Amino acid sequence: MSTWLAFDASTQSLSAILVDDSGQVTAEESVNFGLDLPDYNAPKGFVQNTAEGEVVSDPLMWLDALDLCLERMRSNGVDFSGVRGISGAGQQHGTVYLSDLWFTKIKALDPSQALSNQIKPCLARDVAPIWMDVSTGDECREISRSMGGDLRVCETSGSIPIERFSGPQIRKFSKDHKASYAKTARIHLVSSFLASILSGSDAPIDHGDAAGMNLMNLDSFEWDPGLVEATAPDLNSKLPSIEASSTSLGTVSLYFQKRYGFHSNAEVIAFTGDNPSSLIGMGAGEPGTLVISLGTSDTLFAAMTKPTTDPNGYGHVFGNPSGGFMSLVCFRNGSLARERVKEHLGVDWTAFDAEHLQATPLGNDGDGMIPFFGPEISPRIDLQKTILFGSPEFVQNPSAAKYIRACLEGQFINMKLQTQWMELTPKQILLTGGASTNDGIAQTVADVFGLPVERLSSTNSVALGGILRAAQALGGDAGTLKEILCAPVAGSRRTPDESASDAYQRLACSFSETLRSLQDE
Ligand code: XUL
């Protein structure tokens with residue numbers, strides 16, 4: 001029986017999962033950067049220069065984590081010789097800067113030495129800026145100006161220039177560190193860097209992750225000459241090629257064969273970004289399903305057939321690893337806002353369910369909330385406090401029950417409004433992330449969107465996406481694997497109440513009007 005191996009290189013850890021053809025997860029391992037590699041002095045996997053908003057990680061830490069992860073699996077008895085395909089995903093947007101030496105080193109990694117020692121001399125920059133970096137506001141404005149405005153960049157690349165995206169990051173490095181930039185012969189993303197290491201070749205960047213760079217043209221899936229020119233000098237030659245996510249990068253390199261016992265015919269499939277991978281790992285690669293992830297920030301994403309872009313510039317379009325496109329919108333006031341409500345009222349999570357939500361009607365009698373407790377990015381607005389609207393009694397002295405319902409309905413009405421540009425006709429919602437287990441929250445999502453909500457049993461959709469992509473690309477039974485790995489939790493389905501559509505039509509209008517008046521202020 002073949003097995004499939006996938007990695008999830010996230011901000012705080014690097015995890016691996018091994019799955020056999022029957023859909024059985026046969027091994028899992030995770031290396032926590034802070035706990036397991038304390039010498040890097042990055043307790044959460046990154047280092048922050050708060051004055052400037054710079055946030056960076058050490059690419060050598062990722063390599064030590066890869067060695068440690070495989071080492072641990074092997075010492076736990078994992079047999080890698082049956083692995084047929086390997087793939088994975090990395091946190092999006094992060095960039096690794098490599099000198100000329102990279103091209104020779106990557107093909108000749110010595111299995112008797114750690115990866116980090118061998119790649120260290122190839123780094124043209126000691127650190128990799130990651131997605132949490134917000135230091136490139138000037139560069140975003142400069143790229144926007146050369147391209148004729150934010151919305152031009154959005155129509156071309158899928159997103160307006162964004163501080164954390166790779167293009168503005170590359171521009172900043174090219175301006176601030178001219179000599180090191182000149183020494184840079186190759187710029188990889190976290191995903192393509194790790195895929196290169198595993199395949200022993202200079203890997204391409206896939207459609208999913210390339211779209212998070214403000215450099216790829218969405219129509220052609222090629223580097224956009226105008227954006228490349230506007231970003232940094234001589235950039236074209238420093239970028240890898242862009243390929244479909246299903247591209248085979250060849251067999252796993254001798255380093256991994258000799259050191260960990262992989263068979264010489266195990267193939268590496270291009271890596272992608274964590275969000276595109278999660279789309280696949282949730283079983284939502286085909287249009288018709290909205291995925292809502294409830295985390296510190298909430299995220300909404302969905303497969304799209306056309307590269308429709310957000311005319312307001314809040315949302316993003318990435319390549320869908322299954323082909324076509326995917327949309328993604330982030331909401332900064334996710335769990336943080338729900339926590340604030342909980343603390344403000346001195347209640348616990350069950351109050352979001354039985355006690356309070358059930359004591360209030362759908363649509364809250366027209367009483368609502370713009371539920372932003374600080375700067376929001378979708379839409380871009382900076383409110384010092386939440387805004388209540390509706391009856392004077394509610395606005396002046398809201399009951400706990402109405403306040404809770406208003407917060408949740410406000411969050412999901414806002415999400416629904418922010419999906420209009422995607423021109424989707426979803427049939428269901430998959431809810432994931434910490435708060436998704438709360439039945440009251442799941443029911444509110446179903447009611448506001450007017451769609452059934454399912455919850456999946458898996459919590460590692462990013463790595464599962466790698467498993468499904470590897471199996472799909474290499475002729476495995478991806479259909480059966482998907483059925484097993486992406487199965488909903490039994491009994492977790494929530495269907496919308498029949499009165500929901502009427503109740504929310506009115507509330508959504510008042511919400512939009514209130515929001516618009518705040519934006520006009
Ligand atoms: C998406 C984004 C994050 C990172 C890290 O645009 O910045 O989701 O991919 O997970």
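The values are calculated or read from the model by the stated rules, or taken from the named source; none is laboratory data. Note that the structure is a prediction, hence the values are computed from the model and not measured. Note that we place each Cβ from the backbone using ideal geometry, even for glycine, and neighbour counts take in every protein chain shown. What goes into the accessible areas is simple: the full protein's heavy atoms, side chains included, and nothing from ligands, DNA or RNA. Shrake-Rupley method; radii C 1.70, N 1.55, O 1.52, S 1.80 Å.
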Rg to Rh, two decimals, where the chain supplies the alpha carbon set and Rh follows Kirkwood: 0.98
Please calculate the 1.4 Å probe accessible area of residue 193, with all protein chains present, and give it to the nearest 10 Å². 0 Å²
In straight Cα distance, which lysines are under 27 Å from residue 175, not counting same-chain residues fewer than 8 positions off? 120, 183, 238
Contour minus Cα-Cα span, residue 365 to residue 380, at 0.36 nm per residue, comes to 2.6 nm
Which whole-number value in Å³ per residue fits the convex hull of the alpha carbons of segment 3-276? 116 Å³
What whole-number volume per residue, in cubic angstrom, does the convex hull of the C-alpha atoms of segment 181-277 give? 102 Å³
Between segment 489-521 and segment 310-349, what is the separation of their alpha carbon centroids in Å? 16 Å
Rounded to the nearest 10 Å², what accessible area does residue 175 have for a 1.4 Å probe in the complete protein model? 70 Å²
Fraction of alpha-carbon pairs over 18 Å apart in segment 277-402 - percent: 63 percent
I'd like the carbon and sulfur percentage of the solvent accessible area for the chain, probe radius 1.4 Å, heavy atoms only, ligands and nucleic acids excluded. 48 percent
Whole-Å distance linking the alpha carbon centroid of segment 49-95 with that of segment 375-434 is 36 Å
Residue-normalised value, i.e. accessible area per residue, for the chain at 1.4 Å probe, in Å², stands at 38 Å²
Among 330, 407, what's the order by accessible area (1.4 angstrom probe), most exposed first? 330, 407
Can you give the charge dipole size of the chain about its Cα centre, rounded to the nearest 20 debye, using +1 on the beta carbon of Lys and Arg and -1 on the beta carbon of Asp and Glu? 720 debye
Arranged from highest to lowest average of other beta-carbon atoms within 10 Å per residue, in what order do the peptides 33-40, 424-431, 82-89 appear? 82-89, 424-431, 33-40
To the nearest 20 Debye, how big is the dipole of segment 3-276 about its Cα centre, given +1 on the beta carbon of each Lys and Arg and -1 on that of each Asp and Glu? 620 debye
Using a Förster radius of 41 Å, what is the FRET efficiency between residue 358 and residue 49 based on their Cβ-Cβ separation? Nearest 0.05, please. 0.30
If I take R0 = 22 Å and measure r between the Cβ atoms of residue 518 and residue 152 in this structure, what FRET efficiency does the formula 1/(1 + (r/R0)^6) give, to the nearest 0.05? 0.20
Long-range share for segment 199-241, i.e. C-alpha pairs more than 13 Å apart as a percent of all pairs, stands at 53 percent
Can you list the lysines whose alpha carbon is less than 28 Å from that of residue 427, not counting same-chain residues fewer than 8 positions off? 306, 416, 482
